């Protein structure tokens, strides 16, 4: 008797047999046809134990579900700027520090808001 199996059927049989021997593992089966037969590759990875996760946002606990957290956490930088009080000058200074460390050109911060001493020196120098 000759039995011909499709690749999917053979994968199912291998997975079933491996699962019986290694129940605590995720199983990945790959079957390739070779010139002198077939090659069956089985990859076993341990299943991670499910852990209970506590999600706290602003000292309030929320369920660890994506949709709920998207409603609570501001993801978009634009929305964050609208909801939070952001000191733009301080933020620009921090960005300039990062630029300096990265070897990039540092941008001038609020050149229109110069203090009186700097304006006086500039006027004396004719600038």
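The values are calculated or read from the model by the stated rules, or taken from the named source; none is laboratory data. Because the structure is predicted, anything quoted here is derived from the model rather than measured. Neighbour counts run over all protein chains shown; Cβ positions are idealised from the backbone, glycine included.
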Only listed residue being surrounded by fewer than 13 Cβ atoms within 10 Å (Cβ to Cβ) and in a helix (DSSP H, G or I), chosen from 12, 20: 20
Flag if residue 53 is at pLDDT 75 or above and either closer than 30 Å to residue 24 by Cβ or in contact with a helix residue (DSSP H, G or I) (Cβ under 6 Å, 6 or more places away or on another chain) (or both): no
Complete set of residues in region 24-77 that are at positive phi and in a strand (DSSP E or B): 37
